[in-house]
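The values are calculated or read from the model by the stated rules, or taken from the named source; none is laboratory data. Quantities reported herein were computed from a predicted structural model and do not represent experimental measurements. Methodologically, a virtual Cβ is constructed for each residue, glycine included, from the backbone with ideal geometry; neighbour enumeration extends over all protein chains shown.
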2 protein chains.
Amino acid sequence: MIDEKGILFILSGPSGVGKGTVRKALFEKDTDLKYSISMTTRTKREGEQEGVDYFYRSKQTFEDMIKNNELLEYAEYVGNYYGTPREYVEATLNEGKDVFLEIEVQGALQVKKNFPEGVFIFLFPPSLEELKNRIVNRGTETEDLVKNRLLAAREEIEMMDAYDYVVVNDKIDTAVSKVQSIVRSEHCKRERVAKQYKKILEAD
Amino acid sequence: MIDEKGILFILSGPSGVGKGTVRKALFEKDTDLKYSISMTTRTKREGEQEGVDYFYRSKQTFEDMIKNNELLEYAEYVGNYYGTPREYVEATLNEGKDVFLEIEVQGALQVKKNFPEGVFIFLFPPSLEELKNRIVNRGTETEDLVKNRLLAAREEIEMMDAYDYVVVNDKIDTAVSKVQSIVRSEHCKRERVAKQYKKILEAD
């Protein structure tokens, strides 16, 4: 095999869409993927391990890292910081391993700015599918309800524009299988592979 | 499901790479794909059917179609024309079916000009893999032989640049499975899906 760098995949989507479920099912099937380990300022709980559950850092260290752009994204949640350290991601990619990041939409948009070469997958709620069917079939919903749903759908679609792929989470198995196809096909992208071939040929 | 147009996939690569074998294995697994039917000026042979094996046309008709840019690509071979009629491809895509075209590199480059929205897959010979290993491992080949192979590899790599994906045909099953992943993931591309969602929402 050619000496290829890993790819950073970002699985994201509106809250409640089932990102965690899809990610867990994916990791059961694909043991080659590495899950991105987050950094936090909250105290370590019993049974948790540094570098396994989280990287535990002081508030000062975390804020220094924010200043130095050493985080792909971060957020504050009930008084603590949570974020994705760039160094861990890049080191893992350099080992030729794919990194998988499951994250909220706001975090994903931060990652997009800091790591645009990532592959961004938007998990779409199955309710839009239903909504669409309702719209198409001109069902029995009141006009107001259809309008509200359309509005929410439109907001989601705006967020989608920063992403490379959209996967509808109607059935977990189908969604996982689509994400797996995306992972496999991204490794066949000419930009990635041709570069590697050329590098090897030029090295001669 | 959303009312999506089909995608034109072009499987190509240097002669002898095994395009036909991969295509046949793929069609055994994926019966939803439609194989592009070529047009020819050669006479119909016994057992062949119009619109199944080929579209049979006169030389005059074929040359008129060339003039009117009604062919995605064409070539002359032992006195007869062979080509891919644009109308058949577009009608099939409009039915929501994917069209699969297996073709030589020169033909693929013509299709790229006439139908840039197609998805171009370059099937890579496994011999380059071996070549690469030789280069990397600094094996026992003479310097001249390595140079000649590198030259051929370089020419192939130049052609690769027009393609979207590169699949190494080292094992048929692996190659077919990669092509299937490409087909599935292309249907998840945000540009395609978001457009469809927006169209449906705007139609309301």
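Summary table below
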read-out	value
Residues that are at pLDDT below 90 and within 13 Å of the chain's Cα centre (by Cα), drawn from the range A:22-33	A:Leu33
Filtered residues of the range B:103-116 (kept if over 17 Å from B:Glu186 (Cβ atoms) and touching a residue at least 12 places away in the same chain (Cβ under 8 Å))	B:Ile103, B:Glu104, B:Val105, B:Gln106, B:Gly107, B:Leu109, B:Gln110, B:Asn114
Residues being among the β-branched types (Val, Ile, Thr) and touching a Lys or Arg at 6+ places or on another chain (Cβ under 9 Å) - total across the range A:37-60	2
Of the criteria (1) touching a Ser or Thr at 6+ places or on another chain (Cβ under 9 Å); (2) more than 25 Å from B:Pro14 (Cα to Cα), which one B:Thr43 fails	(1)
Residue match in the range B:60-74 (condition: surrounded by fewer than 16 Cβ atoms within 10 Å (Cβ to Cβ) and in contact (Cβ under 8 Å) with a residue 24 or more places away in the chain)	yes
Those residues of the range A:157-183 which are closer than 11 Å to B:Ser181 by Cβ, crowded, with 18+ Cβ neighbours inside 10 Å and over 13 Å from the mean Cα position of the chain (by Cα), in sequence order	A:Lys178, A:Ser181
Enumerated helices (runs of 4 or more DSSP H) restricted to the range A:107-204, each holding at least 1 residues that are at pLDDT 90 or above and of a type outside the set (Gly, Ala, Ser)	A:172-186, A:190-202
